[in-house]
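Peer 1: Have a look at this one before I ask anything.
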Amino acid sequence: MHVPPFDGPGLWLRGNLHTHTRMSDGDLEPDEVLAWHAAHGYDFVAITDHDTCTIEEAPAGLVALPGAEISIGYSAAGAPVHIVALGIGPHDLPAAGQGPATLAALRAMGVPAFIAHPYWSGLSPAEILGLRGCLGLEVYNTGSEYESRKGLNVVHWDEALAGGWRALAFAADDSHWKLPDHGGGWIMLRAAHRTRESILAALAAGQFYATMGPVIEDVQLDGLRLSVRCSPAAGVYWMGQGHLGWSVHAAPGAVLTEAELAIDPRCRYVRVEVVDAAGRCAWSQAISRES
């Protein structure tokens, strides 16, 4: 069977859900941020300034989502903990620094949110599982990777999945426009329409995958047989909990665009990772195999 978001009709839309402007600590004006995304093939973008909601009219063809990066406290490691809230207006923004109460307020309003840069924040597995009221977490954050090599959060995601939380994986830029921290991570989302409402609904339903560039065209799971179609890749991997996982690799000097993989029956979940010749990754959402 085809698995989400490859199992139904809809438009494929490219979006960045985490970026900043001069309304907080970014170096560009809101209209400049939106213009850059419109000029570089994005279909939607969320301006997520720190603890404030920036509203700006988007250029034709680009959907602007209201949002904010909200500070909810500090990790045990002493770093700030942030969640990105989407579809929220300035009058609904909860107070910063209120910990779990902030997340509870967002949930009560039906506002989707995800954990930002868990590696950069030094979040432990227990702390991540304590935020499972979010949709998921950033599996890749361009800004954190460029600044400190702490933008790849795959281990944090796997620990959340192994802990029983089917967290969704997001990739985003977290652009501040002081450095080349933009255009490195985004999501590909399947929505019924190119509208704010359809995009938010597809996000809440997990109808997207995360990527640094590779395209995942289809994922099918038939019992213990996993089939993947993708853009030219050096390798295709499946992962489950713990040590479980395996891969198919292209021959030296070649690429592959499809793969058939046998899944270990012990897997409680399985996820797909596609890696291209440049080392860029794309990640499917985790597929539950539990009854």
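The values are calculated or read from the model by the stated rules, or taken from the named source; none is laboratory data. Everything quoted here is computed from the prediction, not taken from an experiment. Here the Cβ is made from the backbone with ideal geometry for all residues, glycine too, and neighbour counts use every protein chain on show. Each accessible area value is taken on the protein alone, full model and side chains, heavy atoms only, with ligands, DNA and RNA left out. Shrake-Rupley method; radii C 1.70, N 1.55, O 1.52, S 1.80 Å.
Peer 1: Ignoring ligands, DNA and RNA, how do E290, E197, E145 rank by accessible area with a 1.4 Å probe, largest first?
Peer 2: Ranked list, largest accessible area first: E197, E290, E145.
Peer 1: Local charge sum around E290 (other residues, Cβ-Cβ under 10 Å, Lys/Arg +1, Asp/Glu -1)? Please report the intermediate quantities before stating the final value.
Peer 2: On the way: positive: R166, R268, R289; negative: none.
Net local charge, E290 excluded: +3.
Peer 1: Then there's this: What's the FRET efficiency of E57 with R225 using the Cβ-Cβ distance as r and R₀ = 51 Å, to the nearest 0.05?
Peer 2: Details: r = 48 Å, r/R0 = 0.94.
Working from the Cβ atoms, E equals 0.60.
Peer 1: Something else about it: Could you do me a favour and compute the accessible area per residue for region 82-171, 1.4 Å probe, result in Å²?
Peer 2: Details: 3470 Å² over 90 residues.
It amounts to 39 Å² per residue over region 82-171.
Peer 1: Where the centre of each part is set by its Cα atoms, how far does region 70-110 sit from region 31-68, in angstrom?
Peer 2: Centre-to-centre distance over Cα atoms comes out at 20 Å.
Peer 1: Determine the per residue accessible area of region 1-58 with all protein chains present and a 1.4 angstrom probe, expressed in square angstrom. If you can, show how the numbers build up before the last one.
Peer 2: Values: 2480 Å² over 58 residues.
With all protein chains present, region 1-58 gives 43 Å² per residue.
Peer 1: Which length gain, in nm to one decimal place, applies between Q98 and D31 when the Cα-Cα distance is subtracted from 0.36 nm times their residue separation?
Peer 2: Working: separation 67, 0.36 × 67 = 24.12 nm, distance 3.08 nm.
Residue separation times 0.36 nm, minus the Cα-Cα distance, leaves 21.0 nm.
Peer 1: A further question follows. Taking 0.36 nm per residue of separation and subtracting the Cα-Cα distance, what length does fully extending R107 through E258 add?
Peer 2: Numbers: separation 151, 0.36 × 151 = 54.36 nm, distance 3.90 nm.
Full extension from R107 to E258 adds 50.5 nm.
Peer 1: Of H243, H40, H82, which has the most accessible area and how do the rest follow, probe 1.4 Å?
Peer 2: Working: H243 150, H40 90, H82 15 Å².
Largest accessible area first, the residues go H243, H40, H82.
Peer 1: Per-residue counts of other Cβ atoms within 10 Å, averaged by peptide: what ranking do you get for 222-228, 131-137, highest first? Write out the running numbers ahead of the final one.
Peer 2: On the way: 222-228: 15.3, 131-137: 21.0.
In descending order of packing, they fall as 131-137, 222-228.
Peer 1: I've got another one for you. Which percent, nearest 5, of DSSP beta bridges in the chain are antiparallel? Don't skip to the answer; put the middle values down first.
Peer 2: Details: 50 of 65 bridges.
Roughly 75 percent of the DSSP beta bridges within the chain come out antiparallel.
Peer 1: Then there's this: Computed over the Cα atoms of region 200-291, what is the convex hull's projected area averaged over all directions, in nm²?
Peer 2: Values: hull surface 26.0 nm².
Reported value for the Cα convex hull: 6.5 nm².
Peer 1: Additional query: Just grab the label-to-label distance for R268 and D7, each label 7 Å out from Cα along the Cβ direction, in nm (one decimal).
Peer 2: About 2.0 nm, to one decimal.
Peer 1: Further, regarding this structure: Roughly what % of DSSP beta bridges within region 34-173 run antiparallel, to the nearest 5? If you can, show how the numbers build up before the last one.
Peer 2: Values: 11 of 23 bridges.
Percentage antiparallel, nearest 5: 50.
Peer 1: If each DSSP helix of 4+ residues adds -39,500 (n - 2.57) and the sum is divided by the residues in the chain, what number results at 222 nm, nearest 500 deg cm²/dmol? Don't jump to the answer; show the numbers that get you there.
Peer 2: Working: 6 runs with 50 residues, N = 291.
Mean residue ellipticity at 222 nm (helix-derived): -4500 deg cm²/dmol.
Peer 1: For the chain, set up a Gaussian network in which alpha carbons nearer than 10 Å are linked by springs, and say which option among H117, H91, H156 fluctuates the most.
Peer 2: Per the Cα network of the chain with a 10 Å cutoff, H91 tops the list.
Peer 1: Percent relative contact order of region 169-279, based on C-alpha pairs within less than 8 angstrom and at least six residues apart? Please list the in-between numbers first.
Peer 2: On the way: 200 pairs, mean separation 22.9, N = 111.
About 21 percent, as a whole number.
Peer 1: How would region 35-182 be classified by its alpha-carbon gyration tensor: rounded, prolate or oblate, with rounded meaning a/c under 1.5 and the a/b versus b/c comparison settling the rest? Can you show the working numbers first?
Peer 2: Values: a/c = 1.71, a/b = 1.26, b/c = 1.36.
Cα axes put region 35-182 in the oblate bin.
Peer 1: Per the Debye formula with a single identical scatterer at each Cα and no solvent contribution, what log10 I(q)/I(0) holds for the chain at q = 0.10 Å⁻¹?
Peer 2: Each listed q corresponds, in turn, to -0.50.
Peer 1: Where the accessible area of the chain is counted over protein heavy atoms with a 1.4 Å probe, how much of it, in %, is carbon and sulfur? All intermediate terms of the calculation are to be shown ahead of the outcome.
Peer 2: Values: 6550 of 12040 Å².
Roughly 54 percent, rounded to a whole number.
Peer 1: Tell me, in nm to one decimal, what length is gained between V154 and A201 on full extension, where the rule is 0.36 nm per residue of separation less the Cα-Cα distance?
Peer 2: Values: separation 47, 0.36 × 47 = 16.92 nm, distance 2.50 nm.
Full-extension gain reported as 14.4 nm.
Peer 1: Heavy atoms only, probe 1.4 angstrom, no DNA, RNA or ligands counted: give me K150, K178 ranked by accessible area, highest first. Mind dumping the intermediate values first?
Peer 2: Numbers: K150 80, K178 115 Å².
From most exposed to least exposed: K178, K150.
Peer 1: What's the FRET efficiency of A126 with A251 using the Cβ-Cβ distance as r and R₀ = 30 Å, to the nearest 0.05? Walk me through the intermediate numbers first.
Peer 2: Details: r = 43 Å, r/R0 = 1.43.
Once the sixth-power term is evaluated, E becomes 0.10.
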